[in-house]
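*Asks:* Input: one structure, supplied below.
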Amino acid sequence: MAFVNRSDADLRVGPTSRISGNGPRYRDAAGSDAEAIATLHADSWKRHYRGVFLDSFLDGNILSERMAVWHERLSRAPGTDITVVADVEGSVVGFLHMILDDDSRWGSLLDNLHVVWHLKRNGVGRTLLEEGAKRLLQQGRRNFYLWVLDQNIAAQKFYVAQGGKRVETCLRGPFPGGGHALGHRMAWADAALVAARKNGRQ
């Protein structure tokens, strides 16, 4: 379960709860968000990557591993990464992380995009993607890509709906803790087209 400052009941009533009030605030992540992001990241891996990552890894102390990763990531100098969080009254309910200039051909890597399970299908993931694209443009970059697992059909449909194009399929891994799986590279040639989707709704 994602890290929250309140009891889960304050946010969760079922698999597709609605967000009350004004909805999430999308902001750049700060060092103080490391624990919340790591907790959400670990929970998402346990829920969705069973059968890809080794069980021994998922059943181990992956929270400590993710905590170390996120403390390091959020302490990096500006201009190397983009990390955006969706914040609902002080609780991180989603996050996006991009690594700038990861690939000479495909551009920056969208390495992580996760939303707490009970708030999926509320537009949080879509808006995080749009916010990431906007920040990518502000950094003077345009193209980006990600890898999505073959078994994750829902994510593939989501990325296609957001303008992503499948450009490559290959065996991916080893993943954290070991293991390999078929993955697809999804690419966007122009982040402006993704960012413009949000402007079109305003």
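The values are calculated or read from the model by the stated rules, or taken from the named source; none is laboratory data. From a predicted model like this one, the values you see are computed outputs, not experimental measurements. Ideal geometry is used to build each Cβ from the backbone, glycine not excepted, and the neighbour counts take in all protein chains shown.
*Asks:* Examine segment 6-15 for a residue that is at pLDDT 95 or above, touching a strand residue (DSSP E or B) at 6+ places or on another chain (Cβ under 8 Å), charged (D, E, K, R) and over 27 Å from ILE153 (Cα atoms), and state whether such a residue exists.
*Replies:* no
*Asks:* While we're here: Does ILE82 count as farther than 22 Å from HIS118 by Cβ and either modelled with pLDDT of 95 or more or part of a strand (DSSP E or B) (or both)?
*Replies:* Spelling it out, ILE82 is indeed farther than 22 Å from HIS118 by Cβ and either modelled with pLDDT of 95 or more or part of a strand (DSSP E or B) (or both).
*Asks:* Ok, one more. Report yes if ASP43 is within 13 Å of the chain's Cα centre (by Cα), of a type in the set (D, E, K, R) and assigned to a helix (DSSP H, G or I), otherwise no.
*Replies:* yes
*Asks:* Related question: From the list ALA30, ALA34, ALA77, pick out the single residue that is surrounded by 12 or more Cβ atoms within 10 Å (Cβ to Cβ), among the aliphatic types (A, V, I, L, M) and on the phi < 0 side of the Ramachandran plot.
*Replies:* ALA34
*Asks:* Moving on to the next point. What number of residues within segment 137-155 are touching a residue at least 12 places away in the same chain (Cβ under 8 Å) and either assigned to a strand (DSSP E or B) or at positive phi (or both)?
*Replies:* 6
*Asks:* Also, quick follow-up: Pick from segment 112-136 the residues that are modelled with pLDDT under 95 and part of a helix (DSSP H, G or I): which of them is surrounded by the most Cβ atoms within 10 Å (Cβ to Cβ)?
*Replies:* LEU119
*Asks:* Now a separate question. For residues in segment 170-185 being modelled with pLDDT of 95 or more and buried (at least 17 other Cβ atoms within 10 Å of the Cβ), which is nearest to GLN151 (Cα to Cα)?
*Replies:* The qualifying residue nearest to GLN151 (Cα to Cα) is GLY183.
*Asks:* Something else: Limited to segment 156-169, what total is found for residues that are assigned to a helix (DSSP H, G or I) and either in contact with a His (Cβ under 8 Å, 6 or more places away or on another chain) or modelled with pLDDT under 95 (or both)?
*Replies:* The qualifying residues number 1.
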